[in-house]
Each structure stands twice: as C-alpha cells, then as structure tokens.
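Report on the following structure.
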Amino acid sequence: MNMKPTDRARARAGRIALNVAAAALYARCDRIDVAIKVREGIWLHPDQHDDLRGLDRAALMRAAPRLWARNLPAADGADGGGCEIYCRPTAPAAFVLLDDLAPALAARIARRYSTLLIQTHPGSVQAWIECTQPLTPPERHAVQSAIVKRLDPGAADPGATGGGQLGRLPGFINHKRGGVRVVVIGTPWCAVSRLDPLSLSADRVAASSRMAPQRAVTAPWGRVGACSRPGVPARRNGGKGQGRNPGQTDESAIDYFIACDAIRKSCDAESIIAELADRALARGKRDNHAAATEYANRTYSKALAAVRDDCRRDQ
C-alpha cells in the first residue's frame, strides 16, 4: 500500500514508540499475540491467523511495517487503511488487563503491583498487571472480573474482562479517539509485588467492595514462602512466638532483602515501606497499621544504609 509522505513520517515516529513499548512488553513477556480490527465486527485475530500469534520481539518488529500500513489511513481514499491494532501476552501468561482506568487510579495500581500502563487516549489508561503465576483464559476472566467488582462502579470497563481480552498495542494510532497515538506511560513494572490470583477467590470478593487483594511479594530469587536463597538466615532455636519452628526462614531477613533489592531498582520509598508494612500485618508480626509502618520504616532505613555502603565501596 502506498503511503503519503506525512503518513511515512507518522509511521517512523510510531516505530520509535513501538520500540519503546516492545522493550517494556518483552521485559516480562516472551511472546505476544497481535490482532487487527479492520472495521466493526471484522477482525484479523490471532486465534485464526498463526502469523499473528506468539510473536517474539524480532517477529513483532518485522511485522511493524505491515501493521503500520494497516493502521494508517489509506492514501487517496483507497480501502484497507485505518485499522486498529491490539495485542495481548500469549497464553498462558501471568497477566490480567484492566481497561478504561482514570490515570490517577492506574498510577495507584502501578505503585502497588508490577504493572505496564498504556494510555489509549488522554484520560484513559489500560493496565497490564503482573501476577504470581500463569493464568489460563478462564482464570484470567475470573481474576479480572473479581478486581472490577472491587473497584468503584465505572472505575474500569466491566465488559473488558474476557479471558482472551486484547489491549491496545502502543506505538499505533487510535482512530476511535480522534487519531491519537497509543503510548506507554510511567515506569513499567516498577513495583516490587505481583498480584496473587488466589487472594481473589469468590468468597473474598463477596466480602469486600474495594480493591484490596493480598499482596504476594516476589523477590528476585523466587516467591516468598519458598525461599531457599543462600544467605537468608534461618531460625535455629524456634525464636519467640507461635509457628516459628527450627529451620524456618526468617521473614524479617526476607523483608530486608526485598527492601535492598527494591532500593537498587530505584523503587520509591513510599511503595517499599507500604509493601513491608503489609507483609508484617499479613503474617501477624504486628497487630496494627501504625506498628507495622514503624517496623517497615526501620527495615527500610537499615536496607537503605546497607545499599549506600555498598555503593560507596564500589566507587
């Protein structure tokens, strides 16, 4: 398809934005599926087209010119242009999608969970939230529906909870919203925790009207609770308090290592302290929020001092 010079310039700019988006997407996804909405009710869908399914980063970039030719308006009024471009992580994938979020709500979610935020048009954001385990399409549908039920009415699109739900592919034009470019916003995957789907069981959803799923922290060496990282102290003499058996991993030490890792990744102090306080409350180390926050502040301060010492030694 021939493109106007102005469209070629837009395509070049879009490819730059797509490169930025691909770096973010493939930091967590091995492969993605791409879908092309030709017009209302007419799709080129990855479930029917093998060449659109399971694209690695190199394959996506090879497909970019063809996708841009579809996305931009056709030259001279010819048919075939102006298509909408969508994507999703290839199943099974450890992600859920929330659609049509206000930027402020999306930012709060991204501070709480490892998330990729995509602005589909000014004032509306899609959030890919990383989970602790891969989900099948039915599982993804259940988790997305549970989260939407916990949000205020209208805070997210309740119709965008299908297990195979597609989100906008950044770098391309959103024709539905006046031709704005879809872009990645914020810092992708910056939070230290991932969403635990098991915290969103039906009985918990029924008992709560707000989004407050328990936060499952994943440290760089694996999921907390099954930690076998060398150097994490283990309790040898039982310790004080119920449930501390000989040989049990020291959760306070895990908190310390989580804080050190998050500081090295430049996560903000507020998110790290909130994470540590939540963990302390969840396992009963502290019985109220004020005490848990005090503990979290002390742990953060020790970790920050240790990281700074490491940096000075490296200089």
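Please treat every number below as a calculation from the coordinates, not as lab data. As the structure is a computational prediction, the values presented were derived from the model and not from experiment. Here Cβ is always computed from backbone atoms with ideal geometry, including for glycine, and neighbour counts include all displayed protein chains.
Scaling against 2.2 N^0.38 Å puts the C-alpha radius of gyration of region 258-315 at 1.19. Take 280-290, 112-122, 295-305 and order them by the average number of nearby Cβ atoms within 10 Å per residue, most first; the result is 112-122, 295-305, 280-290. Near F95, the amide H atoms lying under 5 Å from its own belong to C131, L135; only residues 5 or more places off or on other chains count, and H is placed 1.01 Å from N. Each 5 Å bin from zero holds the following percent of Cα-Cα pairs in region 120-169: 4, 18, 29, 26, 16, 5, 1.
Note: relative contact order over region 13-85, using C-alpha pairs below 8 Å and six or more positions apart, is 29 percent.
Could you give me D for region 87-163, from Stokes-Einstein at 4 °C and 1.567 mPa s, where the hydrodynamic radius is the Kirkwood radius over C-alpha pairs? Units µm² s⁻¹, please. In µm²/s, the coefficient is 105.
Only Cα pairs under 8 Å and 6+ residues apart enter the sum, and on that basis the relative contact order of region 94-170 stands at 39 percent. The protection proxy used here, the mean number of other Cβ atoms lying within 10 Å of each residue, ranks peptides 270-279, 176-185 as follows, highest first: 270-279, 176-185.
The ellipsoid that matches the Cα gyration tensor of region 11-170 has semi-axes, each √(5λ) in whole angstrom, of 26, 17, 16, with the longest given first.
When you count the other C-beta atoms within 10 angstrom of each residue and take the mean per peptide, 130-138, 189-197 line up highest first as 189-197, 130-138.
Taking N as the residue count of region 35-113, its C-alpha radius of gyration divided by 2.2 N^0.38 Å amounts to 1.35.
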